[in-house]
Structures are given as C-alpha cells and as structure tokens.
1. All but one of (1) assigned to a loop (DSSP other than H, G, I, E, B); (2) open to solvent by 30 Å² or more (accessible area, probe 1.4 Å); (3) among the aliphatic types (A, V, I, L, M) hold for Val378; state the number of the condition that does not hold.
2. When you scan segment 234-245, how many residues do you find that are surrounded by 21 or more Cβ atoms within 10 Å (Cβ to Cβ) and part of a helix (DSSP H, G or I)?
3. Condition check: farther than 21 Å from Thr261 by Cβ and open to solvent by 20 Å² or more (accessible area, probe 1.4 Å). Does Val165 satisfy that?
4. Return only the number of the condition from (1) more than 29 Å from Ala211 (Cβ to Cβ); (2) open to solvent by 40 Å² or more (accessible area, probe 1.4 Å) that Glu254 does not satisfy.
5. Touching a Ser or Thr at 6+ places or on another chain (Cβ under 8 Å) and farther than 22 Å from Val159 by Cβ - does that describe any residue in segment 367-380?
6. Only residues that are open to solvent by 60 Å² or more (accessible area, probe 1.4 Å), over 18 Å from Ala76 (Cα atoms) and either modelled with pLDDT under 85 or not in a strand (DSSP E or B) (or both): list them for segment 12-50, please.
7. Go through segment 344-372 and give me each residue that's under 17 Å from Ala182 (Cα atoms) and hydrophobic (A, V, I, L, M, F, W, C).
8. Do any strands (runs of 3 or more DSSP E) entirely within segment 136-199 hold 2 or more residues that are over 17 Å from Thr126 (Cβ atoms), and if so, which?
Amino acid sequence: MTDLGEVETSAERPTLLVTLTGTDRPGLTSAILATVATRGLEVIDAEQVVLRGRLILGVLLSAPRDHKNLKEELKALANVLDIDISVKKGVGDNEPRRKGRSQVTVIGHPLTAAGLAAIAGRIADTGANIDRISRMARYPVTAMEIAVSGAEPMTLRKVLAQEGVEQHLDVAVQDGGLYRRAKRLIVMDVDSTLIQGEVIEMLAEHAGRRAEVAAVTEQAMRGELDFEESLRHRVAALEGLPVSALDEVYAAIELAPGARTMVRTLKRLGYQFAIVSGGFSQITDQLAAELGIDYAQANELEIADGKLTGRVVGEIVDRAGKAAALREFARRSGTPLSQTVAIGDGANDLDMLAAAGLGVAFNAKPVVRDAADTHLSVPYLDTILYLLGITREEVETADADNPA
C-alpha cells in the first residue's frame, strides 16, 4: 500500500516530456519508444492524435539521470526520421482533473471555427477547463466531444445552451462520470421523431380532413390543448374510414434519417428499445416488428365492420401515460431509470423526458426544447449516438464487419 510519503516523493520526482510532430507513417511511435526503452524508463502518460496525416505524440517519462544524453539521442533520431521532437524536463505527473466533470457534445452543420470558439469561450467564463477534444463525426454533421472539468454540469448546461442557440449549434452537456456509458434503454416517441410526419394527419388525408386535423395536432404538440381531448376530437374525424387505409398509411411512412442506423448500432451494443406513442398501435406494432424494437405502447383505434368508428379503445396514452410507459419498460428490462434515454418532440413527451436519465428533445417545440436535458435540431436521428460516446467511424466499422 502506498503511504503519504511515497505519494509526495512521486509528485516531486523528475519527469521528462517528449513531444513528437511529423508526417504520420508506420513505425514512428515504436522508434521513439524503442530509444527510450534502452534506458529502462517508466511511461507515466502518453497520448497520440493524427490530424490530416500529421502525427502529434506526447509521452511523459520518468527522467533518467543523464536526460541530456537522451535528449541528444532523440534529436539525432528526429533528423533521421525527418520529424520534430521536443524534450522538456519537469517535475511530477499531470495535474489531476478538477471536480465537476462534464462531457460537452457540440454538433454543427457546419461547425464553424467562430462557433466552436464561442463555446470554448463560454466554458472558460465558468472557470472550467477543457481537458480534451475529440471528433465524433465528420458527416453528415460535424460532432465534437469536449471533456471539461471545474464546473458543475448544470452550470455549463445553462450557459452553453444559450450560446448554442446564438451560434446555431446543438450543444449537449452530460455528467462526465462513469454512468454516462451505462445507459441501456432507449424510449422514443414515434410521430415526427422515429418517423417523419404525423400518422393521424396521414389518415385524415384519406378522410379528406387533413388540414383540420393538422391544426389541432399543432396546438396539442405546443401544449395549448389537453392531449386526450384533442386526440378524441381528431380521431372522430376518421369515422367511416376503411381499415385498408391503415395499411396504405403504413406503406407510405418514412423513417427519420438515421433511424435504422441508430437502432441497429445500439442493438448490437446490447441496448433495448421501446416506442411509446399518442398515435396508434395498428401502426406502432408493425414498426416495432420491422425494426426489432423490444417494447411498444400506443392508443388503439376501434374498428367495426372493417371501418374505423372514430373512437379509441381503452385508456389514452397521453403525457402522463408516456412517462408511466417508460417506467414500465425500465422495470421489464431491468434497467434503472438513471440508465434510460427518452427522445421526443411534443408537449406530451415532457413527463417522459423528465423521468429518464437523459431526456433529448429532437427537432422539438420550444416548450420541449427548453425543458429537456439537451436538444438536437439536425434531422439525423443517429446523432443520438454521439451523445452516448459512439463515433461515426465505430458505426461504419461495425456495419462493414456485420453487413446486413
């Protein structure tokens, strides 16, 4: 067991920081480490990154007694390899990251230097420090993940949400602790989230009443109308519609861009999926079967003599019902609420977003965007992956290794 004296000695011991920059090619890192290895030195820390073919490598070593001789050897090697090497003597290890750790995800389409500078500036304004920046995706959006320490996530979220709006960027702030990587149940709204458009409006078009129904839907999603009352009013407009219209509407449904990628990728990683909708089970059950979704809950349209009656069967899945469904799905899947992610766009998703470990407003109404933990305004549903620490390259590699 290490005592305090040993820790103190370790903090004060001489160390050597070796920094290499040059055109990346196989063998550079091994060549540097092989030279160091002849001295029997300890590697305390190392980090390497490649940007547009340019290698940057930093290695922190225990300093040898003859560090000047090692410095000369490394510089001679640099000449042979046509690279630049800097060697600096110092004391101790890196400073430990300060308390208050957050992961900040910045998504832009495009991500401008001015936008990223503004976000970095607001982080500095809180007294926090940027410890690391890495790219999560380069297309169809640019996504960067920034490790930050020295400020509480709630403080950063408030400051960066406002800056993100001004810079036309999506900015998500999450606790940087271990549990960020443990989210294991995704619960999604369906209409205008998993799919494009609203099923009830598509059905209403078959009944010749789309404009009327769409106007009521818009008010309900903004939170201006009681959802149950508005749903019953809209469903009444479907009375007499032949049941075949349901199949025609399902055939016309378009998934949100990136929906299949998101579901496929997270299912490979062991996530479970659920959909919960103020729409209709005659549609959502088919979606669940097609996409391999584990759980589904929605309202059920009443059908008699091959036609819609203009009524729903049973209890309405409304704002409170969606939150209750999330809790039930979490119970059935054995997932703590803290390890759930909820995604939605309308006012009837608010309780569900609040109940989840991470609530994501996806192209949402202002009342939802303001209340959620984070929001996305780009049309690609698979950007959710970047919030969970999964890069575009990892997705593409998995798809190449496991072709459909």
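The values are calculated or read from the model by the stated rules, or taken from the named source; none is laboratory data. Computed from a predicted structure; not experimentally measured. Quick reminder, even Gly has a Cβ in these numbers, built from the backbone with ideal geometry, and neighbours come from all protein chains shown. Note: accessible area is taken over every heavy atom of the protein model, side chains too, but ligands, DNA and RNA are not part of it. Shrake-Rupley method; radii C 1.70, N 1.55, O 1.52, S 1.80 Å.
1. (2)
2. Looking only at that region, the number is 2.
3. Working: farther than 21 Å from Thr261 by Cβ: yes; open to solvent by 20 Å² or more (accessible area, probe 1.4 Å): yes.
Yes.
4. (1)
5. There is no residue in segment 367-380 that is touching a Ser or Thr at 6+ places or on another chain (Cβ under 8 Å) and farther than 22 Å from Val159 by Cβ.
6. Glu12, Arg13, Asp24, Arg25, Pro26, Gly40, Glu42
7. Within segment 344-372, the subset under 17 Å from Ala182 (Cα atoms) is 355-360.
Within segment 344-372, Ala355, Ala356, Leu358, Val360 qualify.
8. Details: elements: 142-149, 170-175, 185-188.
Filter on segment 136-199 gives 142-149, 185-188.
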